[in-house]
Structure formats: C-alpha cells, structure tokens
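Here the structure is laid out as structure tokens; the discussion comes afterwards.
The values are calculated or read from the model by the stated rules, or taken from the named source; none is laboratory data. From a predicted model like this one, the values you see are computed outputs, not experimental measurements. All Cβ positions, even for glycine, are placed from backbone atoms using ideal geometry, and neighbour counts span all protein chains on display. With ligands, DNA and RNA removed, areas are computed over all heavy atoms of the protein, side chains included. Shrake-Rupley method; radii C 1.70, N 1.55, O 1.52, S 1.80 Å.
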Amino acid sequence: MKITVIGAGAIGGNLAVKLSTAGHDVQVAVTRGPEAVKAEVLESGARAVDLTDAVQGRDVIILAIPFGAAGKLAGLFASVPADTVIIDTANYYPGVLSGQIEAVDNGQVESVYTAEQLGRPVIKAWNAALAETQRTRGVPAGTPGRIAIPVAGDSEEARKVAMSLVDDTGFDPYDAGVLADSWRQQPMGPAYCTELTLDELPAALAAADPVKDRAVRDSMPERFAALGADPTVDDVVEMNRAAHR
C-alpha cells in the first residue's frame, strides 16, 4: 500500500520502519522538513518528503503526532480523497504531553475529538502499546503469545485496512468496534500498554471504567517516577497491569 506517516518520533519512526520492511511504499513527513527525519527511520526504504506533498495519492495516512495537534493539519487534509484511510495513534496526557483540552476533559472520546479537529473520519490504532513494545516485540502471525492491538473506527472497510497493517507490524489486530468505543483503549485502562494476547484483550476492553482509568492516568507520573531512573519495558507493563488488579 501507499502509506504516509506524519511524525517520525518513537511511534511514527517505528511504524515507518516496520511498514517499509513489510513491503509497503512508505513516506515520512514532519513539520520541520525532510531533513529533520533521522536516517535510521529511512534505512528500510521509507522516504522523507515535504509535508505539503505527503498526503496526496496515498492509500493510508498515519498520524503519529502529539494529541491535540491534528487541527493544525485540517487545511492540508481538505483535498485528501474521501477513501483515504487516516489512522490516529495519539494519546491524551494533559499537562504532560499536551495542554488541557476541555472537550476531552469533559468526556469526549480522544479520537472523536481528533476526527472533529481534522475534519475527517479516523481509525484509532497503535495507541495502546508502548513504543518499545512496538519496536521490539512484534512477531510473525501464529506465534504463541503474540501481543494484540485494538483497532477502532466507524468504517468497517477502513478498520480492516488498519488491522491488516497492525498484523504487518507484528501484532494480532483486534476489532474494537466503532470510534465512540475507543475510549476503552485510551490511557490508562486495563487494555492500555499491558501486552495482552488476542484471547485476553476483549475482557480487558470490557473492564474499562472511564472514572477509574482517568484517575490511573493522572497518577501515572508519580507511579512512573517510583520505578526508578531506568525502568524496563517489563517494569512499565507490570506497573500498568498492577493498577487494575
């Protein structure tokens, strides 16, 4: 597929590498220009392009940008064909990774907010796994214990496209339903960054509680600090799991 990844940080850079390795035609764009994309992001065949050229003639556009920034791209997306699949990977951490957003603080689902700001439907995927999990723990389909990643969106066809790409990055895709239900995979619910299998993930999504999950999210800086100076991926996953026991 022809894929553009907007953003080349921990998530965007990883997805560009994984998807180009899987054989897709991948472009990477950042607001600072092609020269700002690190060389290691391009080693598997992805190409750095100008942001203004990045969204035309693509099958899929993946937003790997800070939560709340999508509205700045609305003009860029105004001419993007309606059948282009747009995937949102962002998470809302008020006061940590973004400023306060009143609509989301008042209960609007994160990716519903993003879709409104962008002016386009989106699919929610790759948000519920740590960047290091995505970088190092993808395995071929059928491998016992393969980690699952939830995918939510209103278009069944677009969900299937995103699920196929999740599979290509080394994880079992799980159909998590419509975008309004994607709050169940937001920080810091039982399904969020807890490295569950396809058999385990549905129960974790069902157990999500918006009040408790938000409280766990807001306590994350203190809990993370308690892990010490150099926590491992396993340390962070165990911290997230322990919050829901």
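Select from 48, 225, 131 the residue whose mean-square fluctuation is largest in a Gaussian network model of the chain (Cα-Cα springs shorter than 10 Å).
225
Is segment 101-226 rounded, prolate or oblate when judged by the Cα gyration tensor, a ≥ b ≥ c being the square roots of its eigenvalues, rounded requiring a/c under 1.5 and prolate requiring a/b larger than b/c?
Oblate.
Taking a threshold of 28 Å on the Cα-Cα distance, which of the pairs 38/212; 2/38; 38/124; 2/72 fall above it?
38/212
Scaled to the compact-protein estimate 2.2 N^0.38 Å, what is the alpha-carbon radius of gyration of segment 1-117, rounded to two decimal places?
Compared with the compact-globule rule of thumb, segment 1-117 sits at 1.06.
Which order do peptides 185-193, 210-218, 23-31 fall in by mean Cβ count within 10 Å, highest first?
185-193, 23-31, 210-218
For segment 1-138, with the dipole built from +1 on Lys and Arg beta-carbon atoms and -1 on Asp and Glu ones, taken about the Cα centre, which of 92, 15, 62 lies farthest toward the positive end?
15
Count neighbours as other Cβ atoms within 10 Å of each site's Cβ, and list the trypsin sites (Lys or Arg not before Pro) in segment 18-48 that are DSSP loop with at most 10 such neighbours.
When the trypsin sites (Lys or Arg not before Pro) of segment 18-48 are filtered for loop state and at most 10 Cβ neighbours within 10 Å, 32 remain.
Could you tell me whether the chain comes out rounded, prolate or oblate from its Cα gyration tensor? Rule is a ≥ b ≥ c as square roots of the eigenvalues, rounded for a/c under 1.5, then prolate if a/b exceeds b/c, otherwise oblate.
rounded
If you roll a 1.4 angstrom probe over the protein chains with everything in place, what fraction of the accessible area of the chain belongs to carbon and sulfur, to the nearest %?
C and S fraction of accessible area: 53 percent.
Along the charge dipole of segment 145-200, which of 169, 186, 197 sits closest to the positive end, that is, farthest toward it, with unit charges on the beta carbon of Lys, Arg, Asp and Glu (+1, +1, -1, -1)?
186
Please go through segment 76-137 and write out the GluC sites (Glu not before Pro) that DSSP classes as loop and that have at most 11 other C-beta atoms within 10 Å.
none
Per residue, how many Å² of accessible area does the chain show with a 1.4 Å probe?
Here the per-residue accessible area is 44 Å².
For residue 172, which sequence-distant residues (separation of 5 or more, or a different chain) have an amide H within less than 5 Å of its own amide H, given hydrogens modelled in the peptide plane?
Under 5 Å from the amide H of residue 172: 147, 148, 149.
Just report the Cα centroid separation between segment 86-138 and segment 1-16, whole Å.
Segment 86-138 and segment 1-16 have Cα centres separated by 15 Å.
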